[in-house]
Amino acid sequence: MPLNDERPASTSDAEKQDVESSSEHSDSVTSASSRESFTSDGSSCTPSSSPPKTFTLDEVMESARDLSSLRLAHEIAVNHDFHVEPESFPEGSLTKLVRDTLHKAFWDILASELTDDPPEYGQAIRLLAEIREIVLSFLNPGANRMRTQIMEVLDMDLIRQQADNNAVDIQGLASYIISTMGKLCCPIRDEEIKKLSQNSDNMVTMFREIFQLLDLMKTDLINYDVDTLRPLLQRHGVECEREMFQSVLDKTPSALNHTTLWLKSALEELTNNIREEQTHSQGKGQLVPGPFQALNIAFLHILTWDNDKSPLPETLMNDEIRLQKIQQQLQQIQAVNEVLLIIFSTVGWVVQGVPLLSHRLKRMTSVLLDGMHSPDFNQEEALEGVSAQICSELNKSLTERSYPPLPPALQATLTGQILSITQKDNPIRTLVEDRVQQYFMALICDPKPQSKLEQVPVGLAAIKPELALLGARFISLVNYNKTVYGPTYGGILRKLMFSSSPPPANPPQDTAQDSVTSK
């Protein structure tokens, strides 16, 4: 951690970069290199062809450490808001209870020793030694003068001699420690340093608060290092992640099994679509499945991936949480769009020319469907509530404009149609899902997807802002992933397309519509 004149700004003061800017950064990095990396010889990030061997526990643990380092490097590079939080435990948890009990016993011993007559300083000296090592760890390599000063003031041999003669100045040493921490901490901690220096009556409380503040300073130091490392990882992140993943593959050759099955499923789907096209065209022309088409279909499958049926491909595990959030939000806005389409087709004359009413219905539906991905969410019950609220809002608007309310029969029809979107073969639901798939496929295939974010298909205008936001986030992850693992995908697809005995396919998941993926 730098000295006071170099102190890093607080992580809370760091500029937040929006999704679109991060997507543009990713596009600028990936557009020039994704095709080149995909068509390379695939020599990197590919498992060796050596026969299977038995791994020791040490080798397995080393592979796990490599995987953890890969995830951390990826998170720092792609997540501009990534930072470390101080360790905390849930209130009432067993872990917190045990920790608090042990801490209380420790501080009770210190209080007992300091109040003895004469005082005992064994516990206090151990604390001072630990504090000294923590403070020294904050110094830059070149801060020799401050390092020497700390070693002289906190000379543990001298302090022990003073303690033996009951001449140690614990209060003075604590004040020096607080002063030194004030020179090393980042600005956001200045107020806490000030309060700590003013509360010097109780030595036990002071030591406890010193350690609490040192823990926060450790976190600040880590976050400062993360912010310093991020630009480097963004410039060299592709090579860094490839090397780390190759290290994992060297120790775990089976680390691409799910990725291979994912790509094989997409290639088979593409091949079947081409065969159907050739059948319809009566065999005119010879169409051959291409690796880029197969990879695009594979990424489209991720939007509807069912983690209960099979885990994500290994090359996408670092983005698992981000992809799940995109998938969940996409499901919600699709349901909102389906409800709005039913309203427009059934009682469109009520909302026509009243944009505020349409916006209110959209916002209300979105709120009532929030959390629809949760296991305990009752979608049919939620849609009944949506229908009731919609009928109420429509009747209220009609009354305000001096029109009669909707007839009960029409309200029942509207409610029935809204409830019917829970059925997978519902035509409105099928239409919306098909159009959403078309939108994302267009983004995946386009070398400059930013220009296509606002070009939503007909029927999706009501969710255009939300769809564009999700599209930017998704395509940013896809393009970065293509750039990192392009050689890996190229090598796997070549083996699948030209090998005489490819590995067995994954059970097909109900993913993109054939009409979409065939394009």
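The values are calculated or read from the model by the stated rules, or taken from the named source; none is laboratory data. Note that the coordinates shown come from a computational prediction; the quantities given were computed from them, not determined experimentally. Glycine gets a Cβ as well: all are built from the backbone with ideal geometry, and neighbour counts include every protein chain shown. Just so you know, the surface numbers come from the protein's heavy atoms only, side chains and all, with ligands and any DNA or RNA stripped out. Shrake-Rupley method; radii C 1.70, N 1.55, O 1.52, S 1.80 Å.
For this structure, a couple of remarks:
- Placing dummy labels 7 Å off each Cα toward the beta-carbon, the span from Cys445 to Asp201 is 7.5 nm.
- Residue pairs exceeding 29 angstrom between C-alpha atoms, taken from Lys424/Lys464; Lys264/Lys325; Lys396/Lys452; Lys424/Lys495: Lys396/Lys452; Lys424/Lys495.
- Cut-off 13 Å (backbone N to label point 7 Å along Cα→Cβ of Thr422), residues of region 378-407: 378-387
- Size estimate for region 214-328 follows the Kirkwood approach: the inverse of mean 1/r over distinct Cα pairs works out to 17.7 Å.
- Here the gap between Leu216 and Lys183, fully extended at 0.36 nm per residue and compared with their Cα-Cα distance, gives a gain of 10.4 nm.
- By accessible area with a 1.4 Å probe, ligands and nucleic acids excluded, highest first: order of Leu102, Leu361, Leu431: Leu102, Leu431, Leu361
- Table column - 3J(HN,Hα) (Hz), region 100-117, Karplus curve with 6.51, -1.76, 1.60, x for Gly and Pro: 5, 5, 5, 5, 4, 4, 5, 6, 5, 5, 4, 5, 5, 5, 6, 9, 5, 10
- Residues of region 340-433: accessible area per residue with a 1.4 Å probe, Å²: 56 Å²
- Computed label-point distance, nm, for sites Val288 and Asp164 using a 7 Å Cα→Cβ extension: 8.7 nm
- Lys, Arg +1 and Asp, Glu -1 on Cβ, resulting dipole of region 105-164 about Cα centre, debye, nearest 20: 480 debye
- Working note: Karplus 6.51/-1.76/1.60 with θ = phi - 60° gives region 405-415 the couplings x, 5, x, x, 5, 5, 5, 5, 5, 4, 4 Hz, where Gly and Pro are set to x.
- Between Asp116 and Gln389, the contour length at 0.36 nm per residue exceeds the Cα-Cα span by 91.2 nm.
- Taken per residue, the accessible surface of region 117-263 reaches 50 Å², heavy atoms only and a 1.4 Å probe.
- If R0 is 30 Å, the Cβ-Cβ spacing of Val84 and Gln149 corresponds to a FRET efficiency of close to 0.55.
- Sites Thr279 and Asp308, calculated FRET efficiency, Cβ-Cβ separation with R0 22 Å, nearest 0.05: 0.05
- In this simple spin-label model, placing a label point 7 Å from the Cα along the Cα-to-Cβ direction at both Phe106 and Lys396 gives a separation of 5.6 nm.
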